[in-house]
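Visitor: Handing you this structure, nothing more for now.
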Amino acid sequence: MAEDSRPSSLAFGQVVIGPPGSGKSTYCQAMREFLARLGRSVAVVNLDPANETLPGPCALDIGELVTLPDVMDSLGLGPNGGLLYCMEYLEANADWLRERLRGLRGHYLLFDCPGQVELYTHHQALKNVLAQLAKWNFRLAAVHLVDSHYCTDPGKFISVLCTSLSTMLHVELPHVNVLSKMDLIEHYGKLAFNLDYYTEVLDLSYLVDHLASDPFFRNFRRLNEKLVEVIEDYSLVSFVPLNVQDKQSMRQVLQTVDKANGYSFGEREQRSLEALMSAAVGADFHFSSTLAVQEKYVQSQDKAVEEEVMDL
C-alpha cells in the first residue's frame, strides 16, 4: 500500500471493544453526545458489519463496504466465520477506510467494533487494521467494556480478567477496561467484597477462597489459582466503573481515556503541571470516586441488616 508522503495532523479517538451485549453502541452514542456538549467535534465510525440498526448518527459505516448477511448468503458461512471474513475483507480494503476517514480529520473518532471476542484475543485482521490507523497518525485508545454484574460471580469475574488481559496483550493499544452498566451491578447477586476490590483487582487469593466455597468449583481450585497467578504476574488489569446516564461517571471515563490516547496533552486541551505530573507518575488515584460509585449503586451490608431489623 502506497503511503502518502505528506504528513497528516494527529487525530484522536477511542476503539470501543467488548463482548456482545456489553453496551458498545450505547456507549458510543452516549459518549458522542457527551463530547458534543463539551464542544468537541466528534464522529462515530461503525466497524461492526452485523450492526444493522444503529442507535444514533454514524459518520462512517462499514456496511457501505461489506455486510455480514451478504457474506453469509454468498459464501455459506455462519455468523462467526462470516464476521471474521468481514474483518479480513476490511483489512484487504484498508484504502477504502483511509479515504473515508480523510473527510473526518479534525474530529474525535469513536470506533464501534464487533462483539466477537476472538477478534481481540488472537485473530489478526482487526489488530492489523488498528496498526494501519496508527501509521495514519490516529492516536487511539482501546476502551474494553465488560458487564459489571460479572463481579457478583467469582468464576465469571476470573474469566473476565483473563479475557481482558489477553485482549490488552493482543490489541497492543493503550487500554482502558470499563465496568459498564453499573446501575445493574447487583441485579444478579451481591458483591462479596467492596467495589474497589474489583476495580483495582486486589489480592485475588480471597476470590479463589470465596470460589472454593462452592462445591462445584472446589475441584478446580488449583486451576483457578494458576489463572490468578498469571493475572497477578502481569499486573495490568484494572477497571473504571461506568453508568452512561451519569455525567460524573462519563467524565471519569473520558479523563482516563484522554490520558491513555494522549488527547489531554494536545494543543486543544488546557494543561497544567499538576495534570502532567500526575499522569506521568500514575498518581491519579480513583479511590474516592470508586467509593462514591459504590455508595450510589451498591447496597451496603449494614443497610441491609438495618432493613431486616425494621422488617422484624
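Visitor: Report the charge-dipole magnitude of region 147-264 in Debye, nearest 20, computed about the Cα centre from +1 at each Lys and Arg Cβ and -1 at each Asp and Glu Cβ.
Guide: On the way: 10 positive and 16 negative charges, 39 e Å.
Value, rounded to 20: 180 debye.
Visitor: Let me ask something else about it. Sequence-distant or interchain residues sharing an amide H contact under 5 Å with Val240, placed H: which?
Guide: Excluding prolines and chain starts, which carry no amide H, the hits are Asn177, Val178, Leu179.
Visitor: Would you mind checking which residues have amide H under 5 Å from Val42's amide H? H placed 1.01 Å from N; only 5 or more apart, or other chain.
Guide: Result for Val42 returns Tyr108.
Visitor: I need to check one value: relative contact order of region 1-123, counting alpha carbon pairs closer than 8 Å and at least 6 residues apart, in percent. Spell out each step's value before the answer.
Guide: On the way: 151 pairs, mean separation 52.1, N = 123.
Over region 1-123, the number comes to 42 percent.
Visitor: Still on this structure, please answer the following. Averaging sequence separations of C-alpha pairs under 8 Å and six or more residues apart, then dividing by the length of region 128-250, give the relative contact order as a whole percent.
Guide: On the way: 138 pairs, mean separation 39.3, N = 123.
Once normalised by length, the contact order is 32 percent.
Visitor: Hey, if you drop one equal point scatterer on each alpha-carbon of region 156-253 and run the Debye formula without solvent, what base-10 log of I(q)/I(0) do you get at q = 0.12, 0.16, 0.23 Å⁻¹?
Guide: Calculated log10 I(q)/I(0) at the listed q: -0.44, -0.76, -1.32.
Visitor: Between Glu118 and Thr53, what is the spin-label point distance in nm, taking each point 7 Å from the Cα along the Cα→C-beta axis?
Guide: 2.7 nm
Visitor: Excluding His170 itself, calculate the net charge of residues whose Cβ lies under 14 Å from the Cβ of His170, where each Lys or Arg counts +1 and each Asp or Glu counts -1.
Guide: With Lys, Arg at +1 and Asp, Glu at -1, the net is -1.
Visitor: Using 0.36 nm per residue, how much length does the chain from His187 to Asp153 gain when fully extended, once their Cα-Cα distance is taken away?
Guide: Details: separation 34, 0.36 × 34 = 12.24 nm, distance 1.15 nm.
Taking His187 through Asp153 to full extension adds about 11.1 nm, to one decimal.
Visitor: Another question, if that's okay. How much accessible area per residue does region 107-156 have, counting only protein heavy atoms and a probe of 1.4 Å, in square angstrom? Display every interim value, and only then the final one.
Guide: Values: 1420 Å² over 50 residues.
Normalised by residue count, the accessible surface of region 107-156 is 28 Å².
Visitor: Name the residues of region 146-170 whose amide N is less than 16 Å from a point 7 angstrom out from the Cα of Leu223 along the C-beta direction?
Guide: 154-163
Visitor: Per residue Cα convex hull volume for region 122-200, in cubic angstrom? The partial results should precede the final answer.
Guide: Details: hull volume 7.7 nm³, N = 79.
Once divided by residue count, the hull of region 122-200 is 98 Å³.
The values are calculated or read from the model by the stated rules, or taken from the named source; none is laboratory data. What you are looking at is a predicted structure, and each value in this text was computed from that prediction instead of being measured. Please note: Cβ atoms are built from the backbone with ideal geometry, for glycine as well, and neighbour counts cover all protein chains shown. Accessible surface is based on the protein model in full, side chains and every heavy atom, while ligands, DNA and RNA are left aside. Shrake-Rupley method; radii C 1.70, N 1.55, O 1.52, S 1.80 Å.
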